[in-house]
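The next block holds one structure in the form of structure tokens; read it before the comments.
The values are calculated or read from the model by the stated rules, or taken from the named source; none is laboratory data. Nothing here was measured: the structure is a model prediction, and the numbers come from that model. For neighbour counting, all protein chains shown are included, and Cβ atoms are generated from backbone atoms with ideal geometry for every residue, glycine included. SASA here: full protein model, heavy atoms, side chains in, ligands and nucleic acids out. Shrake-Rupley method; radii C 1.70, N 1.55, O 1.52, S 1.80 Å.
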Amino acid sequence: MADDQDRRDQQQEDGDEHHLRLRTLRYEDFADIEEIMEAVYPTMGPWTRKQFAAQLNRFPEGQICIEDNGKVVAAALTIMVDYQRFGDKHTYDQITGDGYFTTHDPNGDVLYGADVFVHPKYSGMRLGRRLYDARKELCRTLNCRSIVAGGRIPGYREHAAEMTPDQYIELVKRQEIYDPILSFQLANDFHVRRVITGYLPEDRESKAYATLVQWNNIFYEEKHQPLFGGAKASVRVGTVQWQMRRTETVEELMQQVEFFVDALAGYNADFAVFPEFFNAPLMGNFNQEYPAEAIRGLAQYTDEIREAMQSLAVSYNINIIAGSMPVYDGQQLRNVSFLCRRDGTTENQHKLHITPDERSYWGLTGGDSLQVFDTDVGKVGILICYDVQFPELSRVLMEQGMKILFVPYWTDTKNGYQRVRRCAQARAIESECYVAITGSVGNLPKIENVDIQYSQSAVFSPSDFAFPHDAVVSEATPNTEMTLIVDLDMEKLRELRYEGSVRNYQDRRLDLFQVHWSAGAARPQGRQEPEDQDTA
């Protein structure tokens, strides 16, 4: 052993290159650990040999180190705990079992950081970041809910006479003050839950205060998953770029609808998406000299078509976004999209914003409610055409947990289409969701106000490294009848929200602005998902 130590010392004196290796600690590493702790904690003292042995015996996988040419130069000590046993008002000795890790629970839900230390000779080499990254990997591997730690704030001693711990922490967050521990933790995606008093009474630098910090494992899964019907990591969406063609009966129309539903179901799609007013060819059965009368005539078919599409959703085991159809009720004409679930249930979303053309030709009226829909693959929203050009709507949906936004549209010219497309792309980025848009192509020469069509169906994603470089998952050939089938990775959305290059959801200045639904309107339905809440 003495010869090995002499060799290691000689290597460092001779200036040999570093040879860093991450591994778990071993009993024979105690001398190196003791040396580092004496250098890092001169007033607090190192672990005893008995404590070190107990830590390795109870949870060997959680005791991680970095060695350089065989000598340990940095380490992180960790335990698993049932966090509810201790709560937020614990002391260091309580949660670590006086350093013997008797509190370790292999069935615990939280990884608790007991200690991290780096030899002063290796400062500036970012070894602490490597240890934190290893802890995060361990947390994911063990499927722990989060990493929690009580962090010392040694820099507080210099400011204790002029500010409270809370004020000090706020200035550290704003990088007005540098704290050697808290600043590092914040830079590694930890957030402060609260201040603990009396955490380490002997910690004079921190005045016995500590920050309770937490990092959430966004890939955590509940221990007891259902055998069937659990959340899907990948959702398959099929859009129908619909060819407008002369159709005189509902039966003819539904034959074409069933063709596409059958095709998409054959590829095991979770959703089939149809365009706005896909049933417009049936308007040819009514007087074209009065467009308002013709579209009210079209509304007579809506219930029949909706029921037929609901039957297809069940028969083909696929959720259908039934484009949109006119609904005439109480002398009010509305544009309504139907979600036909494969479990046999149906819900609807009215178009809220009416274009000048729809108002003047047809006398359409906008709806007054916005809804997030629960489906067997997650929460979705529907905005019909013009509605996607109003960013407040997707913001409200996002705050209620929406992950996929469907936009059935009808546009007659390319510039009209570009408004829908560009706004849909913006919604995907700002609301951190996927957006699927689809419209109709072709023409209907003898049907007033729905005579020409322009469409290029597409599916958009947020813009970050995990997604396509242009934030376009896929897009159809313009003005061609076809389907578009894409797989959407839902885990990437969770990763983006907490670990993305930018984090729109988390970085919103709610102290400056918020979107509020009007008290006179129907309140948005749905609720925030558990993943958006603190979990420890």
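If you average 1/r over all unlike Cα pairs in the range 414-498 and invert the result, what Kirkwood radius do you get in angstrom? All intermediate terms of the calculation are to be shown ahead of the outcome.
On the way: mean 1/r = 0.0714 Å⁻¹.
With all distinct Cα pairs of the range 414-498 included, I get 14.0 Å.
May I ask you to give the average projected area over all directions of the convex hull of the Cα atoms of the range 228-307, in nm² rounded to one decimal? All intermediate terms of the calculation are to be shown ahead of the outcome.
Numbers: hull surface 26.8 nm².
For the Cα atoms of the range 228-307, the hull's average projected area reads 6.7 nm².
Would you work out what percent of the accessible area of the range 139-284, with all protein chains in place, is carbon or sulfur (probe 1.4 Å)?
48 percent
Once Lys and Arg get +1 and Asp and Glu get -1 on their Cβ, which of Ala308, Leu22, Ala272 lies farthest toward the positive end of the dipole of the chain?
Ala308
To test your reading of the geometry: what angle, between 0 and 90 degrees and rounded to tens, separates the Cα axis of helix 490-499 from the longest principal axis of the chain?
50 degrees
Can you spot the lysines whose alpha carbon is less than 23 Å from Lys414's alpha carbon? Ignore those fewer than 8 places along the same chain.
Straight-line reach from Lys414, under 23 Å: Lys351, Lys446.
For the range 53-116, what does the convex hull of the Cα positions come to per residue, in cubic angstrom? Spell out each step's value before the answer.
Values: hull volume 5.3 nm³, N = 64.
Dividing the Cα hull volume of the range 53-116 by its residues yields 82 Å³.
Give the Rg/Rh ratio for the range 219-369, taking Rg as the radius of gyration of the Cα atoms and Rh as the Kirkwood radius, to two decimals.
Ratio value, two decimals: 1.05.
Over the range 23-78, with the other protein chains present, what is the accessible area per residue in square angstrom, probe 1.4 angstrom?
40 Å²
Rg(Cα) of the range 39-185 divided by 2.2 N^0.38 Å?
For the range 39-185, the normalised Cα radius of gyration is 1.09.
Could you work out how far apart the two model spin labels at Lys50 and Ser311 are, taking each label as a point 7 Å from the Cα in the direction of the beta carbon, and quote it in nm?
Each label point lies 7 Å from its Cα, and together they span 8.0 nm.
How much of the DSSP bridge set in the chain is antiparallel, in percent, rounded to the nearest 5?
70 percent
Considering only protein heavy atoms and a 1.4 Å probe, what is the carbon-and-sulfur percentage of the accessible area of the range 464-507?
48 percent
Using Cα-Cα distances under 8 Å and only pairs 6 or more residues apart, what relative contact order does the chain have, in percent?
Dividing the mean separation by the residue count of the chain yields 11 percent.
Mind checking the dipole of the chain: about its Cα centre, +1 per Lys or Arg Cβ, -1 per Asp or Glu Cβ, Debye to the nearest 20?
On the way: 56 positive and 81 negative charges, 136 e Å.
So the dipole magnitude of the chain works out to roughly 660 debye.
Enumerate by residue number the trypsin sites (Lys or Arg not before Pro) in the range 167-203 meeting two conditions: DSSP loop (anything except H, G, I, E, B), and at most 16 other Cβ atoms within 10 Å of the site's Cβ.
Answer in residue order: Arg174.
For the chain, take the longest principal axis of its alpha carbons; what is the angle in degrees between that and the long axis of helix 49-58, to the nearest 10 within 0 to 90?
Result, in degrees: 30.
Dipole size in debye (nearest 20) for the range 112-246 around its Cα centre, Lys and Arg Cβ +1, Asp and Glu Cβ -1?
Values: 21 positive and 15 negative charges, 205 e Å.
Rounded to the nearest 20 debye, it is 980 debye.
Just the accessible area per residue of the range 369-464, please: how many Å² with a 1.4 Å probe?
Details: 2680 Å² over 96 residues.
Value returned for the range 369-464: 28 Å² of accessible area per residue.
Taking only the alpha-carbon positions of the range 120-202 and ignoring solvent, what does the Debye formula give for the base-10 log of I(q)/I(0) at q = 0.13 Å⁻¹?
Each listed q corresponds, in turn, to -0.49.
Give the Rg (one decimal place) followed by the Dmax (whole number) of the range 167-216, computed from C-alpha coordinates and expressed in Å.
10.7, 30
State, in angstrom, two size descriptors of the range 389-464 derived from its alpha carbons: Rg to one decimal place and Dmax to the nearest whole number.
According to the Cα coordinates of the range 389-464, Rg and Dmax are 13.8, 46 Å.
Can you tell me which lysines have their Cα less than 30 Å from the Cα of Lys71? Leave out same-chain residues fewer than eight positions away.
The qualifying lysines are Lys50, Lys121, Lys136.
Could I get the Rg over Rh figure for the range 307-447? Both from C-alpha atoms, Rh via Kirkwood, rounded to two places.
Over the Cα atoms of the range 307-447, Rg/Rh equals 0.96.
Would you please state the base-10 log of I(q)/I(0) at q = 0.25, 0.27 1/Å for the range 265-336, with intensities from the Debye formula using one equal scatterer on every alpha carbon?
Results for the range 265-336 at q = 0.25, 0.27 Å⁻¹ read -1.10, -1.21.
Remind me, what semi-axes does the chain give for its equivalent ellipsoid, largest first in whole Å, using sqrt of 5 times each Cα gyration tensor eigenvalue?
Output for the chain: semi-axes of 60, 23, 20 Å.
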